[in-house]
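Written out below as structure tokens is the structure these notes cover.
The values are calculated or read from the model by the stated rules, or taken from the named source; none is laboratory data. Because the structure is a prediction, the values reported are computed rather than measured. A quick note on method: Cβ atoms are made from the backbone with ideal geometry, for glycine too, and the neighbour counts reach across all protein chains shown.
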Amino acid sequence: EDQVTQSPEALRLQEGESSSLNCSYTVSGLRGLFWYRQDPGKGPEFLFTLYSAGEEKEKERLKATLTKKESFLHITAPKPEDSATYLCAVRHYTGRRALTFGSGTRLQVQP
Amino acid sequence: GAGVSQSPSNKVTEKGKDVELRCDPISGHTALYWYRQRLGQGLEFLIYFQGNSAPDKSGLPSDRFSAERTGESVSTLTIQRTQQEDSAVYLCASSLREVDFFGPGTRLTVL
């Protein structure tokens, strides 16, 4: 059974204070690992897809990396508008097509 | 173009009543998913439609839950005899290839 565990559950940063969010996963045959951002009262918004160990992707202040067991979402010099819940999810290479999600990391960036 | 839309945005119902939730996917997207998100938790897969293939219903929690989709258009999720534990945000997503795009969700409250 696929499992996704995210840590920490919540993170409070000062503006400009860089940090990383962790996503540990167990899946037999990873087709892709996905990062989404979710603002209160809204649906998840796609950020990145990573397909193989060693892959990295960047978007503005965010950088996602992938190993065979975990993924990190690095946030460099965050701003208050980066405050949101960040969700990690995996998709199986075969079998069920739907994503398996972690419970998310709630990030608060204070000015 | 328009994203995924869902209606209603909020639904309050009494225990034992039936409810119907609607999802309008992005035009041309062949895959459609329903997920449930309880307060403070990650997304829980419910059902997956892909074109004219038989749907993957493996995530439906009980026979009170059902969903339909006609071709590659609108989908409806029906919950019969609602219970208080059905209170959650119900999210719909559609995709053409690897990335799933989410709607804003329907917040269901069962009194």
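Look at (1) surrounded by fewer than 21 Cβ atoms within 10 Å (Cβ to Cβ); (2) within 14 Å of chain B (Cβ to nearest Cβ); (3) without any contact (Cβ under 8 Å) to a residue 60 or more places away in the chain and you find that A:Gly43 fails only one, number (1). Cβ-Cβ contacts under 8 Å between residues 6 or more apart (or on different chains), taken from a first residue in region B:1-15 that is under 24 Å from B:Ser73 (Cβ atoms) and of a type in the set (D, E, K, R) to a second residue that is at pLDDT 95 or above and in a strand (DSSP E or B), are listed as B:Lys11/B:Val19; B:Lys11/B:Leu21; B:Lys11/B:Thr106; B:Lys11/B:Arg107; B:Lys11/B:Leu108; B:Lys11/B:Thr109. Scanning region A:87-110 for residues that are away from chain B (no Cβ under 11 Å) and either at pLDDT 95 or above or in contact with a Leu (Cβ under 9 Å, 6 or more places away or on another chain) (or both) turns up A:Val90, A:His92, A:Tyr93, A:Leu107, A:Gln108, A:Val109, A:Gln110. One residue stands out in region B:16-63 among those that are within 13 Å of B:Ile79 (Cβ to Cβ) and in a loop (DSSP other than H, G, I, E, B): the one that is nearest to the other protein chains (Cβ to nearest Cβ), namely B:Leu60. Among the strands (runs of 3 or more DSSP E) confined to region A:1-108, the ones with at least 2 residues that are among the aliphatic types (A, V, I, L, M) and more than 12 Å from the chain's Cα centre (by Cα) are located at A:10-14. Scanning region A:46-94 for residues that are closer than 23 Å to B:Leu43 by Cα, surrounded by fewer than 16 Cβ atoms within 10 Å (Cβ to Cβ) and in contact with an Asp or Glu (Cβ under 7 Å, 6 or more places away or on another chain) returns no hits.
Out of A:Ser24, A:Ser7, A:Ser83, which single residue is among the polar types (S, T, N, Q), closer than 23 Å to B:Val99 by Cβ and out of contact with any Pro (no Cβ under 8 Å at 6 or more places or on another chain)? Write out each step before concluding.
On the way: A:Ser7 fails: closer than 23 Å to B:Val99 by Cβ; A:Ser83 fails: closer than 23 Å to B:Val99 by Cβ.
Going through A:Ser24, A:Ser7, A:Ser83 in turn, just one is among the polar types (S, T, N, Q), closer than 23 Å to B:Val99 by Cβ and out of contact with any Pro (no Cβ under 8 Å at 6 or more places or on another chain): A:Ser24.
In this structure, does B:Ala67 turn out to be more than 12 Å from the chain's Cα centre (by Cα) and closer than 17 Å to A:Arg96 by Cβ? Explain how you work it out, then say what you get.
Numbers: more than 12 Å from the chain's Cα centre (by Cα): no; closer than 17 Å to A:Arg96 by Cβ: yes.
No.
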